[in-house]
1. Using a 7 Å offset from Cα along Cα-Cβ at Asp91, what residues in the range 105-126 end up with backbone N under 18 Å from the label point?
2. Rounded to the nearest 20 debye, what is the charge dipole size of the range 29-162 about its Cα centre when +1 sits on each Lys and Arg Cβ and -1 on each Asp and Glu Cβ?
3. On a 0 to 90 degree scale, rounded to 10, what angle separates helix 14-23 from the longest Cα axis of the chain?
4. Consider a paramagnetic label point 7 Å from the Cα of Arg30 along Cα→Cβ; state which residues of the range 63-77 have an amide N under 15 Å from it.
5. Could you check the spin-label model distance between Glu37 and Glu51? Points 7 Å from the Cα along Cα→Cβ, value in nm.
6. Relative contact order (percent) for the chain, with alpha-carbon contacts under 8 angstrom and 6 or more residues of separation?
7. Using +1 on the beta carbon of Lys and Arg, -1 on that of Asp and Glu, and nothing else charged, what's the dipole of the range 1-73 about the Cα centre, debye to 20?
8. Packing-wise, with mean Cβ within 10 Å as the measure, how do 69-75, 103-109 rank, highest first?
Amino acid sequence: MAKLKIRLAKTDDSLSMAEILREIGWSEKRNNMPLEEVANPIKELINHCNEDPNGHTMIVAVDENNEVIGFTTVHWVPFVMLGSWEGYISDVFVSPSASGKGAGSALVKYVMEQGENRGCMRLMLTNGKEKPSYQSGFYKKMGWTERPKVANFVYYYREPWS
């Protein structure tokens, strides 16, 4: 397994993060845009997260060459029904060239530790059933439970990138 380091994202990481999205083919629209144009909103989001660390955390996994090979974003939200906090993981992406090196597991474990340290009641994420991470049982192997009775809904204000 490669030597990995997990750290908070920096604005300089935005190009590498945009490249990872391109590598995985997340969005045809995004893949046809100049890389800088994809990276700029990521840079703004990194700034937002770093300015509000109690509300949001953006984390990267870097390899032994200090190259970003994966990233995740988690949002820390009060959840009245639970009488506590919940962490919502909105992104977990790993470069296909780094697949199997433990970056995804390291990122998720880091968030799990952060959630425990923050006193969260639970963590939550959504995972597309057609995605390799779902097909391989990635989250189940890490102790996560698929919720059988909950539907996930979204409301779009504008067309998303993907």
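Quick note: the coordinates plus some simple rules give every number you see, no bench work behind them. Predicted model, so just to flag it, every value in this text is computed and none were measured. Note: ideal-geometry Cβ built from the backbone for every residue, glycine included; neighbour counts use all protein chains shown.
1. Label zone hits: 105-112, 124-126.
2. Numbers: 14 positive and 15 negative charges, 138 e Å.
About 660 debye.
3. 90 degrees
4. Once the point is set 7 Å along Cα→Cβ of Arg30, 69-74 turn out to lie under 15 Å by backbone N, inside the range 63-77.
5. 2.5 nm
6. On the way: 234 pairs, mean separation 35.3, N = 162.
Computed value for the chain: 22 percent relative contact order.
7. Values: 8 positive and 13 negative charges, 34 e Å.
Using Cβ point charges on Lys, Arg, Asp and Glu, the range 1-73 gives about 160 debye.
8. Working: 69-75: 24.4, 103-109: 21.1.
So the order, starting with the most tightly packed, is 69-75, 103-109.
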